[in-house]
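The values are calculated or read from the model by the stated rules, or taken from the named source; none is laboratory data. Quick caveat, the model's predicted, so the values are computed rather than measured. Because the Cβ atoms are built from the backbone with ideal geometry, glycine has one as well, and the counts that use them run over all protein chains shown.
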Amino acid sequence: MMNLPMHNPINRTGPLMGTGHLAWASFALTLVMGLVVFMPHRAAAIHHELGWGEPFEMIGKRMAFTTWYWVRPGQFDWQDDEGKSVFADRSVMAKANDPHTHWVEYDLPHGIQLVCEPAQKGEFPIEPEYPWEKDGIEITGLLQLEDKIIAWGNCKPGGGCYFESKDGVTWERPRLGLVEFKGSKENNLAPSSGTRMFYDPMAPPAERFKRATNSDYDLEAFEEYKQRRPWQKMATETDPGRVHAVFGSVSPDGFHWTDLPEPISVEASDGGQYIYYDPKLKKYVMYMRTYQVGSRAKGYPLEHTRYHQFAGRRAIGRSESADFRNFPLSEIVIETSTSMSPTDTFYFNVYTTVPGAPENHLMFPSRYIQARDGCAIDLYTSQEGKVWHLAPGSPVLEMSDYGQWDGGALWMPNPGLAELGDGSWVIPFRGDPLPHKYPRGYYAEKWGLAIWPKGRLMGIEATDQGRFTTFAFLAPGKQARINASTSRAGEVLVEAADFYGKPIPGRTFDDAIPIIGDQHKTIIRWKKYDDLGIEPGEPVMLRFKMRQAKLYFVDFQ
């Protein structure tokens, strides 16, 4: 890897302007044609005024690698024997195989790939202590709030129950006073086991928790509704005499709910609605089960036969709105991909984010494999919640052998991904011993945990030699801690550079202390320093050299 030419002087204390090398000014003009290149100081200032480009701003204090968002695509140059750029220069009559025109790289990534890790299966670490729990506790949902983790689920024989924890290891049972058990309400029992709710930090206290459910809409009320708001025709065609709709509810505490008077959207979505508040968009975003289906030709009535009923594939739709009470109709963002079987469709589409990195959006769709009446849990990633990518290595969770408690079907119906005190990332899932469409006379379900020890869900891997550089970002701390693992012959080296790519003194690759083995939240160190050499809030970029290594995330403090 080559650094930027040292003959291009940098004034770190001056304005974002400068003369620089004339060749670089010409080189930067290619940005207009859509190429991402290193900009001279004046161009950089212009693009910052437009409100996009470097340095990036982090929402949390964790840089997680679930997409290529943080990885600089790099740049190159063609130079003559004197080091002058002849990049796309039409006045230079170079010929093919011209030995006097040289290829030069600047932070081009090499030898790396994104990978995701399969989950381990386990049980939630809450042991029964009270009579209403004596037959077992099954955790069905988690939410990681600002200062605690909340969990809800089923306590046997008590019913729905609720827990709180600071670290996900030691759990408290608040005395809710909501449900009577053997003559007393001094317990943590709740009216329900909780489902698909989310915490809205921007809402007034009375509406701090929200959720969405699907149900039939009153036909008479619908006639008035459709005069005012858009509606999906398919919502009325699924079954004549019914109108499918999505309804919202609000709550101050997650226990006492108020249903909104009319639907937040009228469209066909038979289960699996997930909503969150996006602090960047300043809008609510809803993902739902929708359908990839064509329009029926005119003159043909709806046939109510099983053959025609399943004319489309279940897909995942997205809708956003500044008003929780009024969503536009969703648009498909995930559908059966060309790499999947044509029988595959989607059921639940659990949305969540990377713990500590709310700008890293994740989705764990339950993919129904119709050809064998089976299921698998995939991982999709996105940096803005609109364009989604199937993670390489999916699925991350699969059914056990038939005959096991999760050998018939596998579902992930409730959010969300939480980080426990030991660094593990966990999310609940439900297993069934029988296939999904098997006769229901004997029906059983059990809940378990999908576990990624040390938060190693997804990252960047170099199977041999690899390297990459991040975009410049505003450092949320002076120190950086790495989550990485290497083979015995592998290593990770880190270099810190300023906004213009110039290595920070004492934080170069030559100064770096190799990171070897299993390193979870280990401070990145150099020979004389264990900090980045910048103050929090200053721009910095990180360069990585990797050999036989996986890098999952970097934390700042």
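Name the one entry in Gly158, Gly136, Gly168 that is farther than 17 Å from Thr195 by Cβ, in contact with a helix residue (DSSP H, G or I) (Cβ under 9 Å, 6 or more places away or on another chain) and small (Gly, Ala, Ser).
Details: Gly136 fails: in contact with a helix residue (DSSP H, G or I) (Cβ under 9 Å, 6 or more places away or on another chain); Gly168 fails: in contact with a helix residue (DSSP H, G or I) (Cβ under 9 Å, 6 or more places away or on another chain).
Going through Gly158, Gly136, Gly168 in turn, just one is farther than 17 Å from Thr195 by Cβ, in contact with a helix residue (DSSP H, G or I) (Cβ under 9 Å, 6 or more places away or on another chain) and small (Gly, Ala, Ser): Gly158.
When you check Ala206 against the structure, is it more than 20 Å from Glu267 (Cβ to Cβ), out of contact with any His (no Cβ under 7 Å at 6 or more places or on another chain) and outside any loop (DSSP other than H, G, I, E, B), yes or no? Yes: the conditions hold for Ala206.
Residue by residue, here is whether (1) touching a Lys or Arg at 6+ places or on another chain (Cβ under 8 Å); (2) acidic (Asp, Glu) holds:
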residue	(1), (2)
Lys148	yes, no
Gly160	no, no
Asp167	no, yes
Ala206	no, no
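Taken residue by residue, segment 130-142 has no member that is among the hydroxyl-bearing types (Ser, Thr, Tyr) and farther than 19 Å from Ala190 by Cβ. Residues in segment 397-433 that are part of a loop (DSSP other than H, G, I, E, B) and under 16 Å from Tyr347 (Cβ atoms): Met399, Asp406, Gly408, Met412, Pro413, Asn414, Pro415.
Filter segment 251-268 for residues that are assigned to a strand (DSSP E or B) and surrounded by fewer than 21 Cβ atoms within 10 Å (Cβ to Cβ); which is nearest to the chain's Cα centre (by Cα)? Working first, answer last.
Filtering segment 251-268 for residues assigned to a strand (DSSP E or B) gives 251, 258-259, 265.
Then keep just the ones that are surrounded by fewer than 21 Cβ atoms within 10 Å (Cβ to Cβ); that gives 251, 258-259.
Values: Ser251: 26, Thr258: 30, Asp259: 29 Å.
Checking each candidate, the answer is Ser251.
Here Leu410 clears all of (1) under 27 Å from Asp278 (Cβ atoms); (2) in contact with a Ser or Thr (Cβ under 8 Å, 6 or more places away or on another chain); (3) in contact (Cβ under 8 Å) with a residue 40 or more places away in the chain except the condition numbered (1).
Yes or no: segment 456-476 includes at least one residue that is in contact with a helix residue (DSSP H, G or I) (Cβ under 6 Å, 6 or more places away or on another chain) and in contact (Cβ under 8 Å) with a residue 60 or more places away in the chain.
No, the conditions are met nowhere in segment 456-476.
Sort out which residues of segment 180-197 are closer than 15 Å to Asp253 by Cα and either among the aliphatic types (A, V, I, L, M) or buried (at least 19 other Cβ atoms within 10 Å of the Cβ) (or both), and write them in order of number. Explain how you work it out, then say what you get.
Residues of segment 180-197 closer than 15 Å to Asp253 by Cα: 188-197.
Once the filter is applied, which keeps residues that are closer than 15 Å to Asp253 by Cα and either among the aliphatic types (A, V, I, L, M) or buried (at least 19 other Cβ atoms within 10 Å of the Cβ) (or both), segment 180-197 yields Asn188, Leu189, Ala190, Ser193, Gly194, Arg196, Met197.
Against the test of being at pLDDT below 95, over 26 Å from Gly53 (Cβ atoms) and crowded, with 16+ Cβ neighbours inside 10 Å, the options Leu457, Leu434 yield a single qualifying residue, Leu434.
All told, Asp531 meets the bar of being over 28 Å from Cys116 (Cβ atoms) and either crowded, with 22+ Cβ neighbours inside 10 Å or out of contact with any helix residue (DSSP H, G or I) (no Cβ under 6 Å at 6 or more places or on another chain) (or both). Among all residues of segment 184-192, there is at least one that is at pLDDT below 90 and either under 25 Å from the mean Cα position of the chain (by Cα) or under 20 Å from Ile150 (Cβ atoms) (or both).
Only residues that are at positive phi and either part of a strand (DSSP E or B) or of a type in the set (D, E, K, R) (or both) were counted across segment 173-188, and they come to 1. Of all residues in segment 111-166, those satisfying the criterion of being farther than 16 Å from Val179 by Cβ and β-branched (Val, Ile, Thr) are Ile112, Val115, Ile126, Ile139, Thr140, Ile149, Ile150. Do we find that Phe468 is in contact with a Phe, Trp or Tyr (Cβ under 9 Å, 6 or more places away or on another chain), crowded, with 19+ Cβ neighbours inside 10 Å, within 15 Å of Lys545 (Cα to Cα) and of a type in the set (Phe, Trp, Tyr) in this structure? In short, yes.
Taken over segment 225-246, the criterion of being surrounded by fewer than 19 Cβ atoms within 10 Å (Cβ to Cβ) and in contact with a Phe, Trp or Tyr (Cβ under 8 Å, 6 or more places away or on another chain) is satisfied by Tyr225, Met234. Checking each residue in segment 530-550 for being touching a strand residue (DSSP E or B) at 6+ places or on another chain (Cβ under 9 Å) and more than 29 Å from Asp422 (Cβ to Cβ) picks out Gly533, Ile534, Gly537, Glu538, Pro539, Val540, Met541, Arg543, Lys545. Against the condition at pLDDT 95 or above and of a type outside the set (A, V, I, L, M), how does Gly393 come out, does it pass? Criteria not met by Gly393.
Out of everything in segment 437-454 that is aromatic (Phe, Trp, Tyr) and buried (at least 18 other Cβ atoms within 10 Å of the Cβ), what residue ends up being farthest from the chain's Cα centre (by Cα)?
Trp447
Among the residues of segment 314-334, those that are under 16 Å from Glu267 (Cβ atoms), in contact (Cβ under 8 Å) with a residue 24 or more places away in the chain and among the charged types (D, E, K, R) comprise Arg314, Arg318, Glu320, Arg325.
For segment 57-163, give me every one of the strands (runs of 3 or more DSSP E) that falls completely inside it and has 3 or more residues that are surrounded by 15 or more Cβ atoms within 10 Å (Cβ to Cβ).
Numbers: elements: 62-64, 75-79, 102-106, 113-116, 120-122, 137-144, 149-155.
Correct list: 62-64, 75-79, 113-116, 137-144, 149-155.
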